[in-house]
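K.L.:
Dropping a structure here in structure tokens format, bear with me for questions.
The values are calculated or read from the model by the stated rules, or taken from the named source; none is laboratory data. On a predicted model such as this, the values are computed, not experimentally measured, just so you know. Glycine also receives a Cβ, built like all others from the backbone with ideal geometry; neighbour counts cover every protein chain displayed. Accessible surface is based on the protein model in full, side chains and every heavy atom, while ligands, DNA and RNA are left aside. Shrake-Rupley method; radii C 1.70, N 1.55, O 1.52, S 1.80 Å.
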Amino acid sequence: MKNIKLLLAIILLMTANTFSTAQNQTDNDRLDWFHEAKFGMFIHWGLYAVPAGEWNGKSNYGEWIQYGANIPGKRYVKFAKEFNPVKFNAKEWVSLAKEAGMKYMVITTKHHEGFCLYDSKLTDYDIVDASPYGKDPMKELAAECQKQGIKLCFYYSVKDWHHENYPLEYTYFSKAQPDGYVGFPKKNKPDYKKYFSYLEGQIKELLHNYGPIGIIWFDWHGEALSPGHDQNRAYAQAVVDSIHKWQPECLINNRFGVGADYGTPEQEIPGGVQKQAFEVCMTLNDVWGYNKNDHNWKSTKQVIFNICDIASKGGNYLLNVGPTAEGVIPEPGQRILKEVGKWMEVNGEAIYNTTSGGASVRWNPDVEMITAKPGTFYLHVFDYPEDGKVYLNDFRKKVESIYFLADRLKKPLKYKSHPQGVMISLPKDQIDEINNVIVVEFSNS
Ligand code: H79
């Protein structure tokens, strides 16, 4: 009972934290590229890809398998010997992101398991020292991202089930593990200060050895850095100050307790337009890490809907893939992303560098959402209206032209201006099977 209460408290705390510390979009220049980018690739890659979601007959695990299946630390570390991503190809991963229309990539350099996917001098529990692969994939990714113009960003878990000085009380508890987590954190007298100097040292490596980094994407601190934990927050603030010193342009998400540039709703899209910068992170199937039995892929249409929905509320979409231990992004994920990319290639203008258009206008239900640029609205029509009519209400600007974004010839669509707004008449046939974006160009006079 106590554990359930604790868990509920932690989950509440995490939710409450989603937007609490993010700054207003207008007063933070560091966020300019982020607002332009709108769509990024999340990559969850670690030792959990070896058991691939399955342990002792249960098959619904992901990157939390060490915790969920109660695998002792001594057993878990052996996965490192089997982690040999010989098929990893940085060019293919970055090309896929690019083809999907993504502008940045956030990859797990260390998830809760504590295993480092880069060459760290501060631990031997990393891909170069502990796996047969023996190379640093982040080096290759950094070079390839530079080459292809994708911004490389690093996920880093505050929680660490492998480090002896990560305090047990900040890991999750469960019925199976009533005394705390079965990894390596010390039961007695862990030294959080020491853990933080390890963390800071690793962030230093990540910000010095891989060129410019777009975001340090911290993951849940849990209770450790929540208000009231003043000493811990002071350690964290020192890290934030260092990040700003080492790479002043680098963003920090809002899961570190302090220093947040933007909010990070997980697996959910906010109900309305947000004033603060945010990025929805979401899985493409059910779990984040590779699970060989997880076939619950989102449809291409759903992904496109989410991109537009989130952009119309002023946010970014960070969509996850979980590569195998061999280094391959699962084929269904590749297929969906390529299909999304085809739509983005034609319609990206309605997404990149837009702001929310929703707050300034009302529209009929056929227009699901609106994105905007100065002098332009993009109306996103997923459900084509049977009567062919689309209304923009409370729209008192002077219309210059209206056309389908997917129409290269920009053939004008018929419309009538009324004192209260504009009524647009659409042709019988849709121009796009998924989302018929209508461009409305206007002037203020
Ligand atoms: O990295 C991904 C997740 O592993 C991580 N954040 C994203 C980006 C994450 N950390 N915490 N959470 C997500 C929420 C925690 C949910 C929990 Fe559970 C509920 C932890 C214990 C109970 C999920 C379900 C994990 C085990 C059971």
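K.L.:
I need every pair where a residue in segment 315-326 that is more than 10 Å from Trp45 (Cα to Cα) has its Cβ under 6 Å from the Cβ of a residue that is surrounded by fewer than 24 Cβ atoms within 10 Å (Cβ to Cβ) and among the hydroxyl-bearing types (Ser, Thr, Tyr), sequence separation at least 6 or different chains.
P.N.:
Listed pairs, sorted by first residue: Asn320/Thr283.
K.L.:
Find the helices (runs of 4 or more DSSP H) located wholly in segment 40-136 whose residues include 1 or more that are basic (Lys, Arg), and list them.
P.N.:
Values: elements: 65-68, 73-76, 79-82, 90-100, 127-130.
By residue number, 73-76, 79-82, 90-100.
K.L.:
Being more than 16 Å from the ligand (Cβ to nearest atom) and crowded, with 20+ Cβ neighbours inside 10 Å narrows it down to one of Cys153, Cys250, so name that one.
P.N.:
Details: Cys153 fails: more than 16 Å from the ligand (Cβ to nearest atom).
One residue alone meets the criteria, Cys250.
K.L.:
If a residue has to be closer than 20 Å to Phe305 by Cα, open to solvent by 30 Å² or more (accessible area, probe 1.4 Å) and assigned to a strand (DSSP E or B) to count, how many in segment 416-445 make the cut?
P.N.:
Summing the residues that are closer than 20 Å to Phe305 by Cα, open to solvent by 30 Å² or more (accessible area, probe 1.4 Å) and assigned to a strand (DSSP E or B) in segment 416-445 gives 0.
K.L.:
Identify, please: which residue in segment 53-86 is within 16 Å of the ligand (Cβ to nearest atom) and of a type in the set (Gly, Ala, Ser) and is, among those, farthest from Met282 (Cα to Cα)?
P.N.:
In this case the residue turns out to be Ala69.
K.L.:
Out of all the residues in segment 394-408, which are part of a strand (DSSP E or B) and open to solvent by 50 Å² or more (accessible area, probe 1.4 Å)?
P.N.:
Matches in segment 394-408: Lys398, Glu400.
K.L.:
Which one is farthest from Glu36 (Cα to Cα), of the residues in segment 311-327 that are more than 16 Å from the ligand (Cβ to nearest atom) and buried (at least 20 other Cβ atoms within 10 Å of the Cβ)?
P.N.:
Filtering segment 311-327 down to residues more than 16 Å from the ligand (Cβ to nearest atom) leaves 311-314, 324-327.
Going one step further and asking which of them are buried (at least 20 other Cβ atoms within 10 Å of the Cβ), we end up with 311-314, 325, 327.
On the way: Ala311: 10, Ser312: 13, Lys313: 14, Gly314: 10, Ala325: 33, Gly327: 30 Å.
So the residue we want is Ala325.
K.L.:
Residue by residue through segment 34-48, note down the ones that are more than 16 Å from the ligand (Cβ to nearest atom) and open to solvent by less than 10 Å² (accessible area, probe 1.4 Å). Walk me through how you get there before you give the answer.
P.N.:
Of segment 34-48, the ones more than 16 Å from the ligand (Cβ to nearest atom) are 34-39.
Correct list: Phe34, Ala37, Lys38, Phe39.
K.L.:
Suppose we keep only residues that are at pLDDT 95 or above and of a type in the set (A, V, I, L, M, F, W, C) within segment 263-287. Which one would you say is farthest from His35 (Cα to Cα)?
P.N.:
By that ranking, first place goes to Val287.
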